[in-house]
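Read the structure below first, then the notes.
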């Protein structure tokens, strides 16, 4: 006499598209998180008496985004931050907002965040390692200072020397510390950001 099989049916494997979907959600959350962190960094600002540009933490967050997120997501985080500020959220340095901010003395620094994040990410993720991350972050920081000072010279009617004195030199010591801090944070946080870069 034949007996019916009592084997428990094996559930089908998860659909392969579920993994990219999960990675896509994780990527979106991380991108939005860095946009928010850049905004928070704008409020950590120290005015400099002889410069219209304050010392802020947000450029370090921009560079850290490049180190952790890779070029595409770092660009997305910075663009999201800039877009929200342009639309009127008071998330630029000093609580400034709106597209007119880009025409002011800090406009060049803000505009430099996007190429700096992408360049930092491209170098760091192409060559890997701490030395490459240090070089990438230093280049990104230098690019922000150079483009920021160039625009400062234009809007303030300064010579290049005057723009360097007010828009570059006061920020070099702080930027050195920011580069070191960003690279140190990268070593600790990179395992959390490896996926979908």
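The values are calculated or read from the model by the stated rules, or taken from the named source; none is laboratory data. This is a predicted model, so every value here is computed, not measured. No Cβ is skipped: glycine too gets one built from the backbone with ideal geometry, and neighbour counts run over all protein chains shown.
Laid out as a table, the results:
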{"read-out": "Unmet criterion (only one of (1) under 24 Å from residue 72 (Cβ atoms); (2) surrounded by fewer than 19 Cβ atoms within 10 Å (Cβ to Cβ); (3) at pLDDT below 95) for residue 142", "value": "(3)"}
{"read-out": "Residue among 37, 82 that alone is modelled with pLDDT of 90 or more, surrounded by fewer than 20 Cβ atoms within 10 Å (Cβ to Cβ) and either more than 17 Å from the chain's Cα centre (by Cα) or closer than 29 Å to residue 167 by Cα (or both)", "value": "37"}
{"read-out": "Counted residues, segment 46-60 - those being more than 18 Å from residue 84 (Cβ to Cβ) and in contact with a strand residue (DSSP E or B) (Cβ under 7 Å, 6 or more places away or on another chain)", "value": "4"}
{"read-out": "Residues (over 17 Å from the mean Cα position of the chain (by Cα) and either outside any loop (DSSP other than H, G, I, E, B) or under 17 Å from residue 73 (Cβ atoms) (or both)) located in segment 96-125", "value": "99, 100, 101, 102, 103"}
